[in-house]
Each structure stands twice: as C-alpha cells, then as structure tokens.
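Structure, as structure tokens:
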Amino acid sequence: MHADRYQEIEVKLAVPDVPAMRATLAAAGFVESVPRSLEQNRIYDWPDGSLRQRGELIRLREYAGHRILTYKGPATVDRHKQREEIEVDVADTAILAIILGKLGLEPRFRYEKFRSEWKHHAEPGTAMLDETPIGAFLELEGPGEWIDRAALALGFTEADYLNLSYARLFANHCASLGQTAGDMLFPPSAGS
C-alpha cells in the first residue's frame, strides 16, 4: 500500500459568481470531466462523537451514479489541508447503512451540494465547483504546488484559501445568523 495514494491535499475558495467561475475555468484550460449533479453526503459517528473529537470521519457519498464510503483521518493544516483519505465504491447504500448501524455508527450530519468536476490536460489535480445551501466554493485537490498554481491561474491568492470542512463552514454560517446548525440541505424544490 502506497501511503501517498491515500493522502488528500486540498483548499476551498469562496466563489461569488458560479457562471463566471465556470467561464474562468474554461478560459484557464479546464474541461468539465463530471457534469454538475446533486451530491448527497452522510457523516457517521458513534453516539459520543468520538470520531469527530479525534478529527476523523466516516462518510457515505452518493452522486452521478456513484456510491462511495470514505474514511478521513485527522487533518494537518498549513497553507493546504492534508489528511489521510481512503475510499471504496459500494453497491448498496441501504445495506451499508445497516452494517454501519450494527457497528454502532449513526448518521450525525447530512449535507448536499451540486458538484461539477474539472480537469486540466496533463495536470495532476482536480477542481471541483460546489454549489451549497450556504454559497459556492471551488475545491482544488492535488499536489500542493499544483493547488497554488491553479489557484493563481483562476484569480485567487493564498489569502483566499479556506481549510475548513463543509460541516465547519455550515456551523460558522449558522452561528453568524444566531441559528442552531442542523443538516445542510437544499429546500425540497431546489434542483436547478
């Protein structure tokens, strides 16, 4: 097992205008490799929240016909966020949810986003344009040097880097409004 294979290195960037960002990506040579689709995520933890307390998570993600179970280890953050990430495709999420429940894991946080993935010819990273209930974000994932080059090419600087999870961004957003954070979901009529 090659350790680098299981390392995620990323940053998020706030995107004020999604159509303009799509145009910027295309102008910079990125091509949409996975079309925009609804992504649904469930974070699992034990009732005492011990995974979250250790900075770990188990996530079940469904999007564009894929179902992926992910383990993420504790993050280290400097300019980029880096953490262990191990993923596996699963065929039946209902059965997997039963297995996780038998292990004592419960769904603790659900979040949705519309995601499109963008690749640049012969480059090692991926740009993911995420439209969430609290705004849009561009996630750059790949080697740190590539992230910095791609961010600059897309009009961002290191000062724009966000190294927070969507759960933390949502909790901060709710706190700024004086609200209690629940699940980060679109209204039932959302879909465009």
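The values are calculated or read from the model by the stated rules, or taken from the named source; none is laboratory data. Here the structure is a predicted model, which means the values were calculated and not measured. With ideal geometry, Cβ positions are generated from the backbone for all residues, glycine too; neighbour counts draw on all protein chains shown. Only protein heavy atoms, including side chains, enter the accessible area calculation; ligands, DNA and RNA are left aside. Shrake-Rupley method; radii C 1.70, N 1.55, O 1.52, S 1.80 Å.
So for each of 165-174, 141-150 I average, over its residues, the number of other beta carbons within 10 Å; can you give me the resulting order with the highest mean first? It would help to have the intermediate numbers written out before the result.
Details: 165-174: 16.8, 141-150: 18.3.
My ranking of the peptides, most packed first, is 141-150, 165-174.
With a ≥ b ≥ c the root eigenvalues of the C-alpha gyration tensor of segment 96-192, is it rounded (a/c under 1.5), prolate (a/b larger than b/c) or oblate? Can you show the working numbers first?
Details: a/c = 1.98, a/b = 1.52, b/c = 1.31.
Cα axes put segment 96-192 in the prolate bin.
Treat every Asp and Glu Cβ in segment 1-128 as -1 and every Lys and Arg Cβ as +1, leave all other atoms uncharged, and give the resulting dipole magnitude about the Cα centre to the nearest 20 debye.
Roughly 240 debye for segment 1-128.
Would you kindly derive the ³J(HN,Hα) couplings of segment 97-114 from the backbone phi angles with the Karplus curve 6.51 cos²θ - 1.76 cosθ + 1.60 (θ = phi - 60°), listing them in order in whole Hz, with x for Gly and Pro?
4, 5, 4, 4, x, 5, 7, x, 7, 10, x, 10, 8, 10, 8, 10, 7, 9
Within segment 136-160, whose backbone N sits under 14 Å from a point 7 Å along Cα→Cβ of residue 17?
155
Grab the Cα-Cα distance for residue 77 and residue 180, subtract it from 0.36 nm times how many residues apart they are, and report the gain in nm with one decimal.
Values: separation 103, 0.36 × 103 = 37.08 nm, distance 2.66 nm.
Between residue 77 and residue 180, full extension yields 34.4 nm more.
Could you give each residue of segment 73-87 its phi-based ³J(HN,Hα) in whole Hz, using Karplus coefficients 6.51, -1.76, 1.60 with θ = phi - 60°, and x for Gly or Pro?
With the stated coefficients, segment 73-87 comes to x, x, 8, 10, 10, 10, 6, 10, 8, 10, 7, 5, 9, 10, 10 Hz.
From the residues 179, 20, 55, which one has its Cα farthest along the dipole of the chain in the positive direction, the dipole being from +1 and -1 charges on Cβ of Lys/Arg and Asp/Glu about the Cα centre?
The residue sitting most towards the positive pole is 179.
Could you please state, rounded to a whole Å, how far the C-alpha centre of segment 29-95 is from the C-alpha centre of segment 120-192?
14
Work out from phi, with θ = phi - 60° and the Karplus expression 6.51 cos²θ - 1.76 cosθ + 1.60, the ³J(HN,Hα) of each residue of segment 150-165, listed in order in whole Hz, and give x for Gly and Pro.
These are the phi-based 3J(HN,Hα) values: 5, 4, 4, 5, 9, x, 10, 10, 4, 5, 8, 5, 10, 10, 10, 6 Hz.
Can you show me the helix-derived [θ] at 222 nm for the chain, built from DSSP H runs with n ≥ 4 at -39,500 (n - 2.57) apiece and divided by the number of residues, rounded to the nearest 500. Mind dumping the intermediate values first?
Working: 5 runs with 45 residues, N = 192.
Rounded to the nearest 500, it is -6500 deg cm²/dmol.
For an R0 of 30 angstrom, estimate the FRET efficiency from the Cβ-Cβ distance between residue 172 and residue 6 and round to the nearest 0.05.
FRET efficiency, residue 172 to residue 6: 0.60.
For segment 45-180, what does the relative contact order come out to in percent, with C-alpha contacts under 8 Å and a separation of six or more?
15
As I understand it, the dipole of segment 20-160 uses +1 on the Cβ of Lys and Arg and -1 on the Cβ of Asp and Glu, about the Cα centre. Which of 157, 46, 69 lies farthest toward its positive end?
46
With each pseudo-label sitting 7 Å past Cα toward Cβ, what's the residue 92-residue 145 distance in nm, one decimal?
It is 4.7 nm.
Report the charge-dipole magnitude of segment 58-184 in Debye, nearest 20, computed about the Cα centre from +1 at each Lys and Arg Cβ and -1 at each Asp and Glu Cβ.
380
If each of residue 152 and residue 48 carries a label point 7 Å out from its Cα toward its Cβ, how far apart are those two points in nm?
Each label point lies 7 Å from its Cα, and together they span 4.8 nm.
What does the accessible area per residue of segment 15-88 come to in Å², with a 1.4 Å probe and no ligands, DNA or RNA counted?
53
When 1/r is averaged over all different Cα pairs and the result inverted, which Kirkwood radius in Å belongs to the chain?
About 17.6 Å, per the Kirkwood formula over Cα pairs.
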